């Protein structure tokens, strides 16, 4: 099924990309969409990124000390 885009800005971007890559507009748009899909699919989730940071912290010997920081933070903020 064909894709019809009626936005001149999108058309201009497709023409510009086609010129930069030496492709026709269809090939340039296809390559750009494939690249965007690949980038999105390969991105780690927030949970994965946080887990990696926590793992790196553990490897460096940083461990939770059980200290509740809330009273300290409340005091430092003037009780806000």
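The values are calculated or read from the model by the stated rules, or taken from the named source; none is laboratory data. Note that the coordinates shown come from a computational prediction; the quantities given were computed from them, not determined experimentally. Quick reminder, even Gly has a Cβ in these numbers, built from the backbone with ideal geometry, and neighbours come from all protein chains shown.
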Which of the numbered conditions does residue 75 fail, given that it passes all the others? Conditions: (1) modelled with pLDDT under 95; (2) surrounded by 10 or more Cβ atoms within 10 Å (Cβ to Cβ); (3) in a helix (DSSP H, G or I). (2)
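Rundown of residues vs (1) assigned to a helix (DSSP H, G or I); (2) more than 20 Å from residue 15 (Cα to Cα); (3) modelled with pLDDT of 95 or more, yes/no style:
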position: 31; (1), (2), (3): yes, no, yes
position: 34; (1), (2), (3): yes, no, yes
position: 38; (1), (2), (3): yes, yes, yes
position: 44; (1), (2), (3): no, yes, no
position: 51; (1), (2), (3): yes, yes, yes
position: 56; (1), (2), (3): yes, yes, yes
position: 62; (1), (2), (3): no, yes, no
position: 65; (1), (2), (3): no, yes, no
position: 68; (1), (2), (3): no, yes, no
Take the conditions assigned to a loop (DSSP other than H, G, I, E, B), without any contact (Cβ under 8 Å) to a residue 60 or more places away in the chain and at negative phi and apply them to residue 12. Does it pass? no
Any chance region 1-9 includes a residue that's part of a loop (DSSP other than H, G, I, E, B), at negative phi, touching a helix residue (DSSP H, G or I) at 6+ places or on another chain (Cβ under 7 Å) and at pLDDT below 95? yes
